[in-house]
1. Please indicate, with yes or no, whether at least one residue in the range 85-98 is assigned to a helix (DSSP H, G or I) and of a type in the set (A, V, I, L, M).
2. Can you find a residue that is at pLDDT 95 or above, farther than 22 Å from D24 by Cα and among the charged types (D, E, K, R) anywhere in the range 124-146?
3. Restricting attention to the range 13-38, and to residues there that are among the hydrophobic types (A, V, I, L, M, F, W, C) and buried (at least 16 other Cβ atoms within 10 Å of the Cβ), which single residue is farthest from S118 (Cα to Cα)?
4. From S34, S57, which residue is at positive phi and among the polar types (S, T, N, Q)?
5. Run F52 past the list (1) in a helix (DSSP H, G or I); (2) touching a helix residue (DSSP H, G or I) at 6+ places or on another chain (Cβ under 8 Å); (3) more than 26 Å from A79 (Cβ to Cβ) and report the number of the one that doesn't hold.
6. Can you go through F75, F82 and tell me which one is among the hydrophobic types (A, V, I, L, M, F, W, C), farther than 26 Å from I39 by Cβ and within 16 Å of the chain's Cα centre (by Cα)?
7. Could you say whether any residue in the range 87-97 is closer than 21 Å to S129 by Cβ and either surrounded by 14 or more Cβ atoms within 10 Å (Cβ to Cβ) or among the hydroxyl-bearing types (S, T, Y) (or both)?
8. Take the range 6-49 and flag every residue that is among the basic types (K, R) and at pLDDT below 90.
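The values are calculated or read from the model by the stated rules, or taken from the named source; none is laboratory data. None of the values given here were measured: they were computed from a predicted structure. Glycine also receives a Cβ, built like all others from the backbone with ideal geometry; neighbour counts cover every protein chain displayed.
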Amino acid sequence: MITKLLKVEEYVSYQSRYLDLVEDKPIVVSLEGSLHEFISFFNSIEEVKLSFSYKESKWTIKELLLHVIDTERIFQYRALRFARNDKTSLPGYDENFYVPNSNANDRDLASLLKEYESVRNSTIALFNSFNEETMLVIGYSGGDTMSVRGRRKN
């Protein structure tokens with residue numbers, strides 16, 4: 001998918017600020033390229049900073065990393081359901097319940113990055129299985145509609 005070809009009807013308006021940051025490349029190329037950049041970035045952070053929170057009840061870097069992993073899993077599942085033309089509306093999710101129950105701060109960085117790499121490789125394999133027609137299939141989640149490759153508000 002080339003992001004400039006993504007129609008405004010395929011995603012929620014707040015996501016445009018994120019989509020504007022994505023280079024115009026096929027989605028799988030972007031997923032593959034960002035995999036190693038992401039891992040390198042987290043490996044560059046000093047160990048003592050990984051469990052630091054700048055304020056009470058704010059996420060640590062490890063919690064943020066696991067949030068990215070959880071969110072990718074959720075969006076991957078949504079993409080699979082939509083790609084298989086499942087028109088059942090999926091519920092949204094509240095990340096504020098996930099993070100306190102994640103035990104992210106009890107894990108070492110290597111295990112978190114190994115999990116991230118596994119999830120990302122699974123996402124790449126899933127999107128490699130989609131053809132152009134599949135990428136345009138619309139599904140329903142959290143009160144919004146989205147295509148396999150994007151998202152839009154009802």
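1. Let us first name the residues in the range 85-98 that are assigned to a helix (DSSP H, G or I), namely 95-98.
Okay, now just the ones that are also of a type in the set (A, V, I, L, M), so none.
The answer is no; no qualifying residue exists.
2. no
3. Quick first cut of the range 13-38, residues among the hydrophobic types (A, V, I, L, M, F, W, C) only: 19, 21-22, 27-29, 31, 35, 38.
Restricting the remaining residues to those that are buried (at least 16 other Cβ atoms within 10 Å of the Cβ) gives 27-28, 31, 35, 38.
Working: I27: 18, V28: 15, L31: 13, L35: 10, F38: 13 Å.
Applying the filter and picking the extreme gives I27.
4. S57
5. (1)
6. Numbers: F75 fails: farther than 26 Å from I39 by Cβ.
Within the list F75, F82, the selection yields F82.
7. Just the residues of the range 87-97 that are closer than 21 Å to S129 by Cβ, to begin with: 87-88, 90.
With the extra rule that they be either surrounded by 14 or more Cβ atoms within 10 Å (Cβ to Cβ) or among the hydroxyl-bearing types (S, T, Y) (or both), the set shrinks to 88, 90.
Yes, the range 87-97 has at least one match.
8. The initial filter retains those residues of the range 6-49 that are among the basic types (K, R), namely 7, 17, 25, 49.
K7, R17, K25 - these are the residues of the range 6-49 that are among the basic types (K, R) and at pLDDT below 90.
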